[in-house]
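The values are calculated or read from the model by the stated rules, or taken from the named source; none is laboratory data. Every value quoted in this text rests on a predicted model; they were computed, and no experiment measured them. Cβ coordinates were reconstructed from backbone atoms using ideal geometry, including for glycine residues, and neighbour counts include every protein chain displayed.
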Amino acid sequence: MISICKKCSWHVEKLDLPEEMLLELWALMVQESKLYAVKKLKDEFGIDHGKAKGVVTHFNPEFGKCHECNYSELDKEYIECPKCKAFNYNLKIGPPFNKDFCEVLEYKLDFSQLENENIKGFWCDGIDHLPMDIKSLSADNLKQKKFIKTKARIGKDGQDEYELTIYFGPSALDNYINRKNLNECIPEGSSDEWINIDPERKQVEIQLN
Ligand SMILES: [Zn+2]
Ligand SMILES: [Zn+2]
């Protein structure tokens, strides 16, 4: 393992944390909340302040992309950037339930096929790729629960906040565990076979293959 960052001379701290915790750290980094990330490492994971700052500095949230320069082909975990020599954790932690998938899913949610007068003209204007419970993104939790709950904006103007529950069928679960793209697991059939909407409760359920 690389023991020192050649860019800033920091002594690399091994991150021996369970997937759930790494996901929480990752989510904060995706949202660029570095201060909260340092606080979480200190308060919840018991890492001292100096080390926590170092970890956060070298934690690149997007696999492949150096935190220090524009290099984007880092191909393994715990790696030195060949361009700027900075150490990157480059963890394969970003889940298959991600921004790209949520954008594809958003366009596939066709409410016009559902025979319900109350939802006439409804459309979806965005699905949050960070669910309410970040821990639900860990493969172990998904294997057990088989769903992810997040928020989506839906309605005539596409702006009401709905609770969206996405149920994972066998092939979606398999793709998730093997970190493969989930797009192919979105059903092709008519909406009433896999989308269920309750406009009064502001809830939507969908069933992936
Ligand atoms: Zn460094
Ligand atoms: Zn770099």
Q. Which ones in the range 57-104 are within 30 Å of GLY189 (Cα to Cα) and more than 14 Å from the chain's Cα centre (by Cα)?
A. VAL104
Q: Kindly establish whether GLY126 is in the same structural domain as GLU188 (by TED's automatic domain parsing) and at pLDDT below 95.
A: no
Q | Some residue of the range 9-29 being within 15 Å of ligand 1 (Cβ to nearest atom), aromatic (Phe, Trp, Tyr) and buried (at least 18 other Cβ atoms within 10 Å of the Cβ) | A | yes
Q.
Just to check your reading of the model, which residue among THR165, THR150 is in contact with a His (Cβ under 8 Å, 6 or more places away or on another chain) and not aliphatic (A, V, I, L, M)?
A. THR150
Q.
Can you find a residue that is modelled with pLDDT under 95 and surrounded by 17 or more Cβ atoms within 10 Å (Cβ to Cβ) anywhere in the range 173-191?
A. yes
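Being at pLDDT below 95, buried (at least 19 other Cβ atoms within 10 Å of the Cβ), of a type outside the set (D, E, K, R) and not assigned by TED's automatic domain parsing to the domain that holds MET29: is that true of PHE168 here?
On the way: at pLDDT below 95: no; buried (at least 19 other Cβ atoms within 10 Å of the Cβ): yes; of a type outside the set (D, E, K, R): yes; not assigned by TED's automatic domain parsing to the domain that holds MET29: yes.
In short, no.
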Q: Hey, can you tell me all the residues within the range 24-34 that are farther than 18 Å from TYR78 by Cβ and hydrophobic (A, V, I, L, M, F, W, C)?
A: ALA27, LEU28, VAL30
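For the range 56-94, give me each residue that is β-branched (Val, Ile, Thr) and part of a loop (DSSP other than H, G, I, E, B). Before you say what the answer is, go through the steps one by one.
Step one: filter the range 56-94 for residues β-branched (Val, Ile, Thr), giving 56-57, 79, 93.
Listed by number, the list holds a single entry, ILE93.
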Q: Kindly establish whether LYS53 is farther than 27 Å from ARG179 by Cα, of a type in the set (D, E, K, R) and outside any loop (DSSP other than H, G, I, E, B).
A: yes
Q: Give just the number: which of (1) in contact with a strand residue (DSSP E or B) (Cβ under 9 Å, 6 or more places away or on another chain); (2) surrounded by 15 or more Cβ atoms within 10 Å (Cβ to Cβ); (3) touching a residue at least 40 places away in the same chain (Cβ under 8 Å) does GLN113 not satisfy?
A: (2)
Q. Counting only residues that are free of Cβ contacts under 8 Å to residues at least 40 places away in the same chain and among the polar types (S, T, N, Q), how many does the range 116-149 have?
A. 2
